[in-house]
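Engineer: Below is one structure. I have some questions about it.
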Amino acid sequence: MQVPLLDLKGQYAPLRAEIESAIRQVCDEQRFVLGPRVTELESQVAAYSQTTHGLGLSSGTDALLIALMALDIGPGDEVITSPFTFFATAGVIARLGARPLFCDIDPQTFNLDPAAVRATIAQRCEQRGDRLVNRDTGGVVKVLLPVHLYGQMADLDAFMNIARQYRLAVVEDAAQAIGAALADGRRAGSVGDVGCLSFFPTKNLGAFGDAGMCVSNDRALDERMRILRVHGSEPKYYHALIGGNFRLDELQAAVLLIKLRHLDDWTVARQRNADRYDALFREVELGAAVTVPFRIPGYRHIFNQYVVRVQRRDELRAYLGAHGVGTEVYYPLPLHAQRCFAYLGHSPNDFPHSQRAAAEVLALPIYPELTPPQLDYVVGQIAEFVRA
């Protein structure tokens, strides 16, 4: 049996006629840049995310970048974030000349650990007037950037308390978490100052290429990002700010508007697949050899990925690949150990939970169109490997 990690063709087939019609309409109108579909998508995604403002952007990476630009992050500034995430989270910090201040993750959720953040602040930082300063570097800590990894929100109540105490802005990296929610129903992107979404094709809501969005409840911040999106121009050809070209394409908005109507159904299917995986792993009783994803009680986990911890990860991955099962490692090398961040001076073991996760995590197929026999096959092959 073949079980690919992701098969977008199954999602596309029933929507093909509608999507092709929408694309033709854009082509017939010949309005490709910041047209009515971008505006409509911004409104709909903002409402879906429980925010008042949405800003369509060229990618999830650019959403993170423009959020930090709008908060005036630059040389001499520092941003607290996780070393166990996709590169863009810390990459945008460095691109602006600022410094990532890494803190370790919670070993159960893989999300940034509030206790680790508080410990880092206590051990390495001090309050100087209204500024939080890193004693080792002299950098001013201005932003807290938690990541909602794999589709489950980080402990934002704890992070908001930290942010209020130290006067930090909070940027939510919700690239993998559109529609994820806390136990009280607050959704990803609606709690901090700004939330950053990705519509990369592999996401739960995926475009036909790169696309992203910032959502917020802060009108002034939204207006500033809106100006930065078009080279800092307001009005046209007059530039009080230096921005960039971060616009969402009208064609992508047309596709996303159609897909957004199906997002909740797709999320339910992902959750159903995750429930079946959990039940199957209980049945095969593999013990410590496989640890299923931890779900925070009451949270809405949207399962952008279903990530298990496994022993002999690389051997298991090779075995599954040879037996037709697609997998991926998100992520094999923590950011603090990446060559480009060597200047930060970290040793591999500075963040042991991140280091261990990088050696043990394995993402299994979780997309909505998977069939029960495919899920059974995946777990059956893992059981055969473990018991061999």
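The values are calculated or read from the model by the stated rules, or taken from the named source; none is laboratory data. Note that the structure is a prediction, hence the values are computed from the model and not measured. Positions of Cβ are generated from backbone atoms using ideal geometry, with glycine treated the same way; all protein chains shown enter the neighbour counts. Please note that ligands, DNA and RNA were not included when accessible areas were found on the heavy atoms of the full protein model with its side chains. Shrake-Rupley method; radii C 1.70, N 1.55, O 1.52, S 1.80 Å.
Engineer: Apply the Debye scattering formula to region 306-358, with a single equal point scatterer on each alpha-carbon and no solvent, then give log10 I(q)/I(0) at q = 0.20, 0.27, 0.29 Å⁻¹.
Structural biologist: Debye curve over Cα of region 306-358, log10 I(q)/I(0) at q = 0.20, 0.27, 0.29 Å⁻¹: -0.76, -1.04, -1.13.
Engineer: Could you list which residues have their amide H under 5 Å from that of Leu132, counting only those 5 or more apart in sequence or on another chain, with H placed in the peptide plane?
Structural biologist: Val141
Engineer: Can you give me the orientation-averaged projected area of the convex hull built on the Cα atoms of region 200-326, in nm²?
Structural biologist: Across all orientations, region 200-326 yields a mean hull projection of 12.1 nm².
Engineer: Moving on. Report the one residue of Leu241, Ala22, Pro201 whose Cα lies farthest in the direction of the positive end of the charge dipole of the chain (charges on C-beta: Lys and Arg +1, Asp and Glu -1; origin at the Cα centre).
Structural biologist: Going by the charge dipole, the pick is Leu241.
Engineer: Further question on the same structure: Mind checking which lysines have their Cα closer than 27 Å to the Cα of Lys203? Skip sequence neighbours fewer than 8 apart in that chain.
Structural biologist: Lys9, Lys259
Engineer: Rolling a 1.4 angstrom probe over the protein heavy atoms, how many square angstrom per residue are accessible across the chain?
Structural biologist: 42 Å²
Engineer: Moving to a separate point now. Would you calculate, for the chain, the mean residue ellipticity at 222 nm contributed by helices, counting each DSSP H stretch of 4 or more residues as -39,500 (n - 2.57) and dividing by all residues, to the nearest 500?
Structural biologist: Dividing the helical sum by the residues of the chain leaves -12000 deg cm²/dmol.
Engineer: For region 1-156, state the average projected area of the convex hull of the C-alpha atoms over all orientations, rounded to one decimal in nm².
Structural biologist: 13.4 nm²
Engineer: Using a/c under 1.5 as the rounded threshold, could you call region 74-161 rounded, prolate or oblate? The axes a ≥ b ≥ c are square roots of the C-alpha gyration tensor eigenvalues, and prolate needs a/b larger than b/c, oblate otherwise.
Structural biologist: Since a/c reaches 1.5 but b/c is at least a/b, the shape of region 74-161 is classed as oblate.
Engineer: Which one of Leu364, Pro100, Thr327 has its Cα pushed farthest toward the positive end of the charge dipole of the chain, where Lys and Arg give +1 and Asp and Glu give -1 at the Cβ?
Structural biologist: Final value for the positive-end residue is Pro100.
Engineer: How about region 254-307: which chymotrypsin sites (Phe, Trp or Tyr not before Pro) there lie in a loop by DSSP and see at most 12 other Cβ atoms within 10 Å?
Structural biologist: Qualifying residues, ordered by number: none.
Engineer: With all protein chains present, how much of the accessible area of the chain (probe radius 1.4 Å) comes from carbon and sulfur, to the nearest whole percent?
Structural biologist: Reported share for carbon and sulfur atoms: 51 percent.
Engineer: P(r) for the chain: what percent of alpha-carbon pairs falls in each 20 Å bin, starting at zero?
Structural biologist: Per 20 Å bin, starting at zero, the Cα-Cα P(r) for the chain comes out as 28, 56, 16, 0 percent.
Engineer: Further question: Could you give the dipole magnitude of region 186-300 about its Cα centre, charging the beta-carbon of Lys and Arg +1 and that of Asp and Glu -1, in debye to the nearest 20?
Structural biologist: Charge dipole, region 186-300, about its Cα centre: 140 debye, nearest 20.
Engineer: Turning to a different aspect of this structure: Roughly speaking, what is the centre-to-centre gap between region 333-369 and region 213-257 when only Cα atoms are used, to the nearest Å?
Structural biologist: After rounding, the separation between the Cα centres reads 32 Å.
Engineer: Using a simple charge model, +1 on the beta-carbon of Lys and Arg, -1 on the beta-carbon of Asp and Glu, nothing else, what dipole does region 229-388 show about its Cα centre, in debye to the nearest 20?
Structural biologist: Dipole of region 229-388, to the nearest 20 debye: 320 debye.
Engineer: Right, something else. Taking just the alpha-carbon atoms of region 259-386, what radius of gyration and Dmax come out, in angstrom?
Structural biologist: Values for region 259-386 (Cα only, Rg and Dmax): 16.3, 49 Å.
Engineer: So, one more: If you place +1 on the Cβ of every Lys and Arg and -1 on the Cβ of every Asp and Glu, how big does the dipole about the Cα centre of the chain come out, in debye to the nearest 20?
Structural biologist: For this selection, approximately 380 debye.
Engineer: Over region 1-69, what portion of Cα pair distances is larger than 21 Å, expressed as a whole percent?
Structural biologist: For region 1-69, the fraction of Cα-Cα distances above 21 Å is 50 percent.
Engineer: What is the pair-distance distribution P(r) of region 275-318, computed from all Cα-Cα distances in 5 Å bins starting at 0, with each bin given as a whole percent?
Structural biologist: Computed distribution, short to long bins: 5, 18, 27, 25, 17, 6, 2, 0.
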